[in-house]
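Report on the following structure.
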Amino acid sequence: MLKFEHVSKKYKGGKIAVSNLNLEFKKGEFIVFIGPSGCGKTTTMKMINRLIEPTEGKIFINGEDIMEKDPVKLRREIGYVIQQIGLFPHMTIQENISLVLKLLKWPEEKRKKRAEELLSLVDMTPDYLERYPHELSGGQQQRIGVLRALAADQPLILMDEPFGALDPITRDALQDEFKNLQKKLDKTIVFVTHDMDEALKLADKIVILRDGQLVQCGTPEEILREPADEFVEEFIGKERLVQAKPNITTVEQIMNAHPVTITSDEQLSNAITVMKTNRVDSLLVIDKEGVLEGYIDVEAIDQNRKKAKSVADILNPDTFSVQKDALVRDTIRQILKKGLKYVPVVDEQKHLVGIVTRTSLVDIVYDSIWGDEELERAQ
Amino acid sequence: MDLISDLLTYFINNGSYVWEQFFRHFLMSAYGVLFAAIVGIPVGILIARYARLSSVVLSLANVIQTIPALAMLAVLMLVMGLGTNTVVFALFLYSLLPIIKNTYTGIRNVDHTLIESGKAMGMTKWQILRMVEIPLSLSVIMAGLRTALVITIGIATIGTFIGAGGLGDIIMRGTNAQDGTAIILAGAIPTALMAVIADVIMGWLERSLMPVKKKKQGRNTQEEATA
Ligand SMILES: Nc1ncnc2c1ncn2[C@@H]1O[C@H](COP(=O)(O)OP(=O)(O)O)[C@@H](O)[C@H]1O
Ligand SMILES: [Mg+2]
C-alpha cells in the first residue's frame, strides 16, 4: 500500500532531515513513526502528501509513484490531521467536516448528510453542525479534525502528533476511540508521535527514527522483545522494558540451557549416580538424537529398584513440555495451573533444548517487581 | 448664540447647496477609496506572496503618503488639469498605503497552520486564497478601507482649490466673506460629521467581518472572543 524507496530529504541550507529510508507497509496497518524531536518524523510524513517533496528516492501508494500524480488530487485522497488541529475558525463544524467533499464538488445535500453521519461516529449530536470551532473544547475540536480527514473515505490518513496538545485524560479517550474507529473503518494510518506509550498502545508497526535514519521497524512486541540497540532501549525506557518482560519474553531467553539428562538405554544405577552428582530428584530422558522421551524421578526408582534394570523400564513418557518460543507469561500460567516444579523446553522437532524451573521464573518476577529498586540501590 | 443662529440660517437658506456639496464630497472620497481598493487589495495580496516585493511597494506607498496634499494637487493639476478627476486621483493615491498595508498584514497574519491544512486537504492556491486567506483577513482589510476613507474625507476639502467642489467650497466661501465664521462652520461641521459617521459604519462592518463569529450574540462578546 505504502512504500518508501531510498527516500532522502535535504533542506535548503544542507540539513539532511531524512536519509535513505526504505519501508513498506500493508493496507489497514496502523503505522507509528516515533523518535526524539527533530529526527525527521514530520518531514517523512509530509513527503507522503507532497507538502514536502523528497530530494531523492520514490514513494509509492498502491504501486503508483506519487511524484507522477497531480498533488492537489493526491492530497484529496489522503486525510491529514495535525497537532494544532487547524479547523477553519470562520466555517461552521459542518463546513469544516465536509470541506474536502466541497472541493470534490459533492452536492450540498449529500455533504450535510455525510457530516451528520460522521459526527455520530464520535457520539456528537447533529446540533454541533451549526456551531463554530471556538465553541468546542479541545478534545471535541480534534474529534472534528479527525472526522474531517475521514470525510471523503480516504483510504490513507496522516496524523502528526494529533493528540499531543490535549490533556492526558482526553488524550487517552481519543486514542481509544480512534483505535476502534481505525479497526472498524479499515484505514491505513501513518501516525507521528514522540510518546512511546501512545505508540505501543496504537501501533501495528512502529518505526523508530533517529537523526533522519531508520533505527528499527517492527511490531510493538518485536521492539519490546528485541530493541535494536541502546538508543531504542533508552527510548523505550527501562521501566517499560521490565514491565513488558513476562509479556514478551520467550522461555528460550530465560531457560537453563543445560538440563540434567540421561538417555533411555542407560542403567538405573548410572541414573542414580547422575542424580547424586547433580543433586536433583528427577532426570529428563532423551534418545540418542536428543529428542525428549519423558522423565524419571527418585520415587519411581525407589519403587522399581528390584524389577527394573534400565532407564527405559521406569520411564514416564507423560511429560508436559513447552516450545522454546512460547511466551514466559503463558508458561507461568501453565506451571501454576498444573502445579509443576519444572518444564522442559523443546524445539520444533521435540529436541530438548533447556529447562524452565520455578526458580528461574521467580527471578523474572523479582526483576519486574523489585528490579528498579535494586538498580537504584546498586548505584 | 449669534453664531449658532447664523449657522442655522445658513443651513436653512442654502440647504440644497450644502447637501449637494456634502454628497459630492462623499462621492469623491468614496471613488478615491474604491479605485484604491481595486488596485491596492490585489497588490497587497501579491506582496504578501512575494516578500521581496513588499519592502519596495510599501516604501513607495509610504512616500506618496508623505507628500503634502496641496503639493500633490498642484503637481497633478499640471498633468491632469483642473476638476474632479484630479482630486479623485489624488485621493486614490492617498488611500493606497492604508489599503495595501492592511491587506498585506491581514494576509500575512493568517495562521500558517490553516493554510497548510487547506493545502493538505487538496485546495488549489486560488481556493486557499478565496476560502481561507481572504475570509480570514477581511476584517483587517476593511480596517484599511476605513482608515483610507477617513483620510480622504479630510483631504477632499482642499479639492475646492482646483474647482472640484465639495464641502471645501463652503469653507472657502466663509474665509473669503467678511464675518464668515458661521459659513466656515457650515462647511467644517458636515465634513467632521461625515468622517465620524464613515468611521462608525466602517467599524461596524469591520467587526461583523471578523472570522470568529458567535451566533445570536451581541457585538461585545464578539470583540471579547477576538481580543
Ligand atoms: N523547512 C525546513 N528547512 C530547514 N530545516 C528544516 C525544515 N523543516 C525541518 N527542518 C529540520 O529538519 C529536521 C527534522 O525536522 P522534523 O521532520 O520537523 O522533525 P520532527 O517532526 O521529528 O520533530 C530538524 O532538524 C529540523 O530543524
Ligand atoms: Mg514534528
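The values are calculated or read from the model by the stated rules, or taken from the named source; none is laboratory data. These numbers were taken from a predicted model, which means no experiment stands behind them. Using ideal geometry, Cβ is built from the backbone for each residue, glycine included, and neighbour counts are taken over all protein chains shown. The protein model used for the area step is the full one, side chains on, heavy atoms only, and it has no ligands, DNA or RNA in it. Shrake-Rupley method; radii C 1.70, N 1.55, O 1.52, S 1.80 Å.
Residues checked against (1) open to solvent by 20 Å² or more (accessible area, probe 1.4 Å); (2) within 14 Å of chain A (Cβ to nearest Cβ):
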residue: B:GLY83; (1), (2): no, no
residue: B:PHE92; (1), (2): yes, no
residue: B:ILE100; (1), (2): no, no
residue: B:TYR104; (1), (2): yes, no
residue: B:ILE107; (1), (2): no, no
residue: B:HIS112; (1), (2): yes, yes
residue: B:VAL132; (1), (2): no, yes
residue: B:THR147; (1), (2): yes, no
residue: B:PHE161; (1), (2): yes, no
>> Could you check segment B:170-194 and list, in sequence order, the residues that are among the hydrophobic types (A, V, I, L, M, F, W, C) and open to solvent by 20 Å² or more (accessible area, probe 1.4 Å)?
In response: B:ILE171, B:MET172, B:ALA177, B:ILE183, B:ILE184, B:LEU185, B:ALA188, B:ILE189, B:ALA192, B:LEU193
> Residues in segment A:80-94: is at least one farther than 16 Å from B:GLY118 by Cβ and within 16 Å of ligand 2 (Cβ to nearest atom)?
Replying inline: yes
>> Given the options A:GLY139, A:GLY164, name the one that is modelled with pLDDT under 95 and either touching a Ser or Thr at 6+ places or on another chain (Cβ under 6 Å) or over 27 Å from A:ALA199 (Cα atoms) (or both).
In response: A:GLY139
> Would you pick out the residues in segment A:181-197 that are polar (S, T, N, Q) and within 13 Å of ligand 1 (Cβ to nearest atom)?
Replying inline: A:THR193
> So which helices (runs of 4 or more DSSP H) are wholly in segment A:262-376 and hold at least 1 residues that are hydroxyl-bearing (Ser, Thr, Tyr)?
Replying inline: A:268-278, A:328-338
> Which of (1) of a type in the set (Lys, Arg); (2) assigned to a loop (DSSP other than H, G, I, E, B); (3) surrounded by 16 or more Cβ atoms within 10 Å (Cβ to Cβ) is the odd one out, the single condition A:LYS27 does not satisfy?
Replying inline: (3)
>> Please verify whether A:PHE33 is in contact (Cβ under 8 Å) with a residue 60 or more places away in the chain and either out of contact with any strand residue (DSSP E or B) (no Cβ under 8 Å at 6 or more places or on another chain) or of a type in the set (Phe, Trp, Tyr) (or both), treating the condition exactly as stated.
In response: yes
>> Quick check on segment A:143-150. Is at least one of its residues crowded, with 18+ Cβ neighbours inside 10 Å and more than 14 Å from every other protein chain (Cβ to nearest Cβ)?
In response: yes
> Which ones in segment A:125-142 are open to solvent by less than 20 Å² (accessible area, probe 1.4 Å) and part of a loop (DSSP other than H, G, I, E, B)?
Replying inline: A:LEU136
> Got a sec? Which of B:ALA195, B:ALA188, B:ALA177 is closer than 30 Å to B:ILE107 by Cα and either modelled with pLDDT under 95 or under 19 Å from the mean Cα position of the chain (by Cα) (or both)?
Replying inline: B:ALA195
>> Suppose we keep only residues that are among the charged types (D, E, K, R) and at the interface with chain A (Cβ under 8 Å from one of its Cβ atoms) within segment B:114-130. Which one would you say is surrounded by the fewest Cβ atoms within 10 Å (Cβ to Cβ)?
In response: B:GLU116
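Select, from A:LEU87, A:LEU119, the only residue that is touching a Pro at 6+ places or on another chain (Cβ under 7 Å), more than 16 Å from ligand 1 (Cβ to nearest atom) and in a loop (DSSP other than H, G, I, E, B).
One residue alone meets the criteria, A:LEU87.
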> Which residue out of A:VAL100, A:VAL7, A:VAL81 is touching a strand residue (DSSP E or B) at 6+ places or on another chain (Cβ under 7 Å), within 21 Å of A:TYR128 (Cβ to Cβ) and β-branched (Val, Ile, Thr)?
Replying inline: A:VAL81
>> I'm trying to understand the selection: among the residues of segment A:95-112, which are more than 21 Å from A:PRO155 (Cβ to Cβ) and more than 13 Å from chain B (Cβ to nearest Cβ)?
In response: A:PRO107, A:GLU108, A:GLU109, A:LYS112
> Restricting to segment A:16-46, what's the tally of residues that are acidic (Asp, Glu) and on the phi > 0 side of the Ramachandran plot?
Replying inline: 0
>> Among the residues of segment A:105-116, are any among the aliphatic types (A, V, I, L, M) and either within 32 Å of the chain's Cα centre (by Cα) or crowded, with 20+ Cβ neighbours inside 10 Å (or both)?
In response: yes
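Table: residues versus (1) at pLDDT 95 or above; (2) within 23 Å of the chain's Cα centre (by Cα); (3) within 16 Å of ligand 2 (Cβ to nearest atom).
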| residue | (1), (2), (3) |
| --- | --- |
| A:PHE33 | yes, yes, yes |
| A:LYS41 | yes, yes, yes |
| A:MET47 | yes, no, yes |
| A:ILE59 | yes, no, no |
| A:ASP65 | yes, no, no |
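For segment A:36-76, what are the residues that are more than 14 Å from chain B (Cβ to nearest Cβ), crowded, with 17+ Cβ neighbours inside 10 Å and either within 16 Å of ligand 1 (Cβ to nearest atom) or assigned to a loop (DSSP other than H, G, I, E, B) (or both)? Before the answer, list the steps.
Residues of segment A:36-76 that are more than 14 Å from chain B (Cβ to nearest Cβ), as a first pass: A:36-41, A:44, A:54-65, A:67-68.
Checking which are crowded, with 17+ Cβ neighbours inside 10 Å leaves us with A:39-41, A:44, A:54, A:57, A:59, A:61.
Hits for segment A:36-76 are A:CYS39, A:GLY40, A:LYS41, A:THR44, A:PRO54, A:GLY57, A:ILE59.
Quick one: which of A:LEU2, A:LEU21 is away from chain B (no Cβ under 14 Å), within 16 Å of ligand 2 (Cβ to nearest atom), surrounded by 19 or more Cβ atoms within 10 Å (Cβ to Cβ) and among the hydrophobic types (A, V, I, L, M, F, W, C)?
After applying the criteria, what remains is A:LEU21.
Out of B:GLY144, B:GLY118, I need the residue that is within 13 Å of the chain's Cα centre (by Cα) and part of a helix (DSSP H, G or I). Which one? Lay out the reasoning, then the answer.
Working: B:GLY118 fails: within 13 Å of the chain's Cα centre (by Cα).
Every option except B:GLY144 fails the conditions.
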>> Exactly one condition in (1) open to solvent by 70 Å² or more (accessible area, probe 1.4 Å); (2) within 16 Å of ligand 1 (Cβ to nearest atom) is false for A:ASP160; which is it?
In response: (1)
